[in-house]
Amino acid sequence: VIVIGNEKGGTGKSTTAIHIAMGMAQRGIKVACLDLDSRQATLTRFLDNRTAAAGQRPGSLVIPRYRRLDASDATEQSEASDSLAGQFFGALQDFAEHDAVVVDTPGHSSRLATLACSVATTLITPINDSFVDVDALADIDVDRREVKAPSPFAQLIQKQRDHLGSESSGALEWIVARNRVGQLDNRNSQEMTALLSVLSRRLGFRVQPGFSERLVFRALFYRGLTLFDL
């Protein structure tokens with residue numbers, strides 16, 4: 001279960017989810033997609049676009065199974081929470097025969113995102129390459145470029161790791177992907193590299209390069225295509 005998670009919006013979670021899912025599918029891995037962002041539903045809209053494009057290009061596009069979970073219409077909060085949990089675990093059960101499930105989460109704290117993190121084997125957290133976005137990982141003293149405390153999101157991941165350790169059921173791999181990195185190795189980029197190096201040791205994630213800002217992603221989205229299709 002590969003979860004794309006960050007409680008901050010606009011960091012490229014759906015673009016990351018799309019390319020991971022399609023990259024795996026085109027390599028013959030049996031992958032399914034689960035969209036937990038009922039409001040934006042970017043992953044679902046992309047796969048709808050891809051399904052439409054496949055009708056015009058028979059046999060040329062791989063389309064994984066996918067499902068979108070809508071917000072519960074229950075009036076009681078506890079009832080709504082139970083309904084969402086039931087939908088979530090039911091979807092995972094439906095995908096049980098797949099090699100992997102890629103889960104896209106909303107850009108805010110939610111019951112579904114917490115459930116997704118609770119079953120993740122790999123968590124990928126995209127961030128924009130700015131000190132503003134690092135607060136999704138930790139409380140930062142921007143003037144001193146120092147870490148004051150882990151963020152609530154980071155604390156949630158640590159609790160999940162502690163749980164996995166106590167259950168001896170495997171480790172949660174956490175990857176932070178740096179999106180929209182500047183093309184020049186400027187001072188901001190160097191300072192971000194140093195800060196993330198400190199955070200990676202303290203919080204236990206590894207840093208990977210993510211996506212640059214490119215208009216091609218927007219153009220391909222409406223055609224249901226990825227960089228792998230070019």
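Summary table below
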| item | result |
| --- | --- |
| Whole-number D in µm² s⁻¹ for region 1-70, Kirkwood Cα-pair radius fed into Stokes-Einstein, 4 °C, 1.567 mPa s | 102 µm²/s |
| Descending semi-axes in whole angstrom, ellipsoid equivalent of the chain, from the Cα gyration tensor | 29, 24, 16 |
| Share of pairwise Cα separations in region 89-169, more than 15 Å, in percent | 66 percent |
| Extreme residue, positive dipole direction of the chain, given options L220, V132, A21 (C-beta unit charges) | L220 |
| Spin-label proximity, Q158 to region 119-138 - amide N less than 14 Å from point 7 Å beyond Cα toward beta carbon | 137-138 |
| Candidate lysines for bridging to K8, where Cα separation is under 23 Å - those fewer than 8 sequence places away on the same chain excluded | K148, K159 |
| Gain in span if fully extended, D141 to R214, counting 0.36 nm per residue against the direct Cα distance | 23.2 nm |
| Probe 1.4 Å, accessible area per residue of the chain, Å² | 51 Å² |
| Full-stretch length increase - Q56, H108 - with 0.36 nm per residue and alpha-carbon distance subtracted | 15.1 nm |
| DSSP-assigned coil residues among trypsin sites (Lys or Arg not before Pro) in region 105-166, each with at most 11 further Cβ atoms within 10 Å | R144 |
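The values are calculated or read from the model by the stated rules, or taken from the named source; none is laboratory data. Everything numeric here is computed off the predicted structure, so don't read it as measured data. No Cβ is skipped: glycine too gets one built from the backbone with ideal geometry, and neighbour counts run over all protein chains shown. Side chains included, ligands, DNA and RNA excluded: accessible areas come from the protein's heavy atoms. Shrake-Rupley method; radii C 1.70, N 1.55, O 1.52, S 1.80 Å.
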